[in-house]
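J.: One structure follows; several queries about it will come next.
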Amino acid sequence: MEKPFRRRDLLGIRSLSAAEINGILDTAESFSEINAREIKKVPTLRGKTVINLFFENSTRTRTSFELAAKRLSADAVNISISSSSVSKGETLLDTALNLDAMQPDCIVVRHSSAGVPHQLAKVSKAAVVNAGDGANEHPTQALLDAMTIREHKKKIKGLNVAIVGDIIHSRVARSNIHLLTKLGAKVKVAGPGTLVPSDFQHLVEKDLEVCNHVEDAIRGADVVMILRIQRERQDSAYFPTLREYSIHYGLTNDRLNLAKKDAIVLHPGPMNRGIEIASDVADSSRSLILDQVKYGVTVRMAVLYLATGGATADRSDTNN
Ligand code: CP
């Protein structure tokens, strides 16, 4: 029998089993009710300390990790790089060792370089949670996307999911492809040829199709996930103009009508309205973008609970 999630670190989705993913989602579901209460606080993590170490900007992830920690009564400390000693030349390793010396229970890290959370996990006594590393993974985003899908479709197995946009730079796409295919969904990706890696088909063993046209990915989809154009990671022109991107690849109502009638629309945020998604689609009843944000708090409560010892921690795999 596959074991439920008992790891100390959450570094990515790639090495998790379906049972571990479902274990996190089930734990999140059990926390869901707390966020609907008038007093949104339980003593579960009283005495625990969570450090949010963000080397990149964030609205949703950082705020929801902080809220998640506080709703479970943990002490949460936010460090942004502009106000830390990294700006004075301290190395990443020294920063990590100094923070770890203060004996936190969990360090949540976001960095523009792939693999930074994995490096931290090797030197830190605290549990390490990846809040997004370069274009590699964003595991809690994929988990909250899965929770949103599960809540609205009551299943993931057998669903057709289209992931559209800037695939090459997207840690959200990678984590979602791993998660959705492990749970039995069929995933189609599409975007400008320059933004879809030619070898992407080999990312997972099965159930991933790279489409040449956005319409082919969206046709018949149960879930349409639109990705942000990541201009901060684009060092050359991947498409002629934003206007042309919007015309050829943006999610409009006409394109969405190719999906199933009850298809839902997801976007991890922040959105570029009028570029990758039309405003009327983003604000429509088919859009669950704010539900994703809501479930972000719940999923991160579950992850902090599990990583800080809610289940017996196992540090044996820091390569995921
Ligand atoms: N989806 C997401 O990671 O958003 P933030 O960059 O605002 O955290």
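J.: Which residue out of 31, 5 is within 19 Å of the chain's Cα centre (by Cα), away from the ligand (no atom under 15 Å from the Cβ) and in a loop (DSSP other than H, G, I, E, B)?
T.: When all the criteria are applied, what remains is 5.
J.: Looking at 200, 239, can you tell me which residue is at pLDDT below 85 and either within 20 Å of the chain's Cα centre (by Cα) or not assigned by TED's automatic domain parsing to the domain that holds residue 278 (or both)?
T.: Being at pLDDT below 85 and either within 20 Å of the chain's Cα centre (by Cα) or not assigned by TED's automatic domain parsing to the domain that holds residue 278 (or both) holds for just one of 200, 239, which is 200.
J.: Related question: I'm told residue 114 meets every condition in (1) within 16 Å of the ligand (Cβ to nearest atom); (2) touching a Leu at 6+ places or on another chain (Cβ under 7 Å); (3) not assigned by TED's automatic domain parsing to the domain that holds residue 247 except one. Can you identify the failing condition by its number?
T.: In the conditions (1) within 16 Å of the ligand (Cβ to nearest atom); (2) touching a Leu at 6+ places or on another chain (Cβ under 7 Å); (3) not assigned by TED's automatic domain parsing to the domain that holds residue 247, residue 114 misses (2) alone.
J.: Let me ask something else. Working only within the stretch 268-291, note down all residues that are assigned to a loop (DSSP other than H, G, I, E, B), farther than 19 Å from residue 166 by Cα and away from the ligand (no atom under 14 Å from the Cβ).
T.: Across the stretch 268-291, the qualifying residues are 283, 284, 285, 286.
J.: Quick one: how many residues across the stretch 85-112 are small (Gly, Ala, Ser), within 20 Å of residue 62 (Cβ to Cβ) and over 25 Å from the mean Cα position of the chain (by Cα)?
T.: Residues in the stretch 85-112 being small (Gly, Ala, Ser), within 20 Å of residue 62 (Cβ to Cβ) and over 25 Å from the mean Cα position of the chain (by Cα): 2 in total.
J.: If you don't mind, there's one more thing I want to ask. For the stretch 8-28, name all the residues that are closer than 23 Å to residue 173 by Cβ, in a helix (DSSP H, G or I) and β-branched (Val, Ile, Thr).
T.: 21, 24
J.: Within the stretch 91-109, restricting attention to residues that are surrounded by 13 or more Cβ atoms within 10 Å (Cβ to Cβ) and among the aliphatic types (A, V, I, L, M), which residue is farthest from the ligand (Cβ to nearest atom)?
T.: Checked the stretch 91-109; the qualifying residue farthest from the ligand (Cβ to nearest atom) is 97.
J.: Right, something else. Only residues in the stretch 72-90 that are surrounded by fewer than 12 Cβ atoms within 10 Å (Cβ to Cβ) count as the first member; pair them with residues that are modelled with pLDDT under 95, Cβ under 9 angstrom, at least 6 apart or cross-chain, and list the lot.
T.: These pairs meet every condition: 87/81.
J.: Select, from 130, 78, the only residue that is over 15 Å from the mean Cα position of the chain (by Cα), within 16 Å of the ligand (Cβ to nearest atom) and outside the structural domain of residue 203 (by TED's automatic domain parsing).
T.: Testing whether each residue is over 15 Å from the mean Cα position of the chain (by Cα), within 16 Å of the ligand (Cβ to nearest atom) and outside the structural domain of residue 203 (by TED's automatic domain parsing) leaves just 78.
J.: If you take the residues of the stretch 48-70 that are out of contact with any Ser or Thr (no Cβ under 7 Å at 6 or more places or on another chain) and closer than 20 Å to residue 125 by Cα, which of them is farthest from the ligand (Cβ to nearest atom)?
T.: Once the filter is applied, the top-ranked residue is 49.
J.: Can you tell which of 158, 184, 132 is modelled with pLDDT of 95 or more, in contact with a helix residue (DSSP H, G or I) (Cβ under 7 Å, 6 or more places away or on another chain) and at positive phi?
T.: 132
J.: May I ask you to verify whether residue 123 is touching an Asp or Glu at 6+ places or on another chain (Cβ under 8 Å) and farther than 30 Å from residue 290 by Cα?
T.: Yes; evaluated as a whole, the condition is true for this residue.
J.: Oh, and also: Quick check on my filter: what residues within the stretch 238-267 are part of a loop (DSSP other than H, G, I, E, B) and of a type in the set (Ser, Thr, Tyr)?
T.: 238, 241, 252 - these are the residues of the stretch 238-267 that are part of a loop (DSSP other than H, G, I, E, B) and of a type in the set (Ser, Thr, Tyr).
The values are calculated or read from the model by the stated rules, or taken from the named source; none is laboratory data. Values in this document were obtained by computation on a predicted structure and should not be read as measured data. Glycine also receives a Cβ, built like all others from the backbone with ideal geometry; neighbour counts cover every protein chain displayed.
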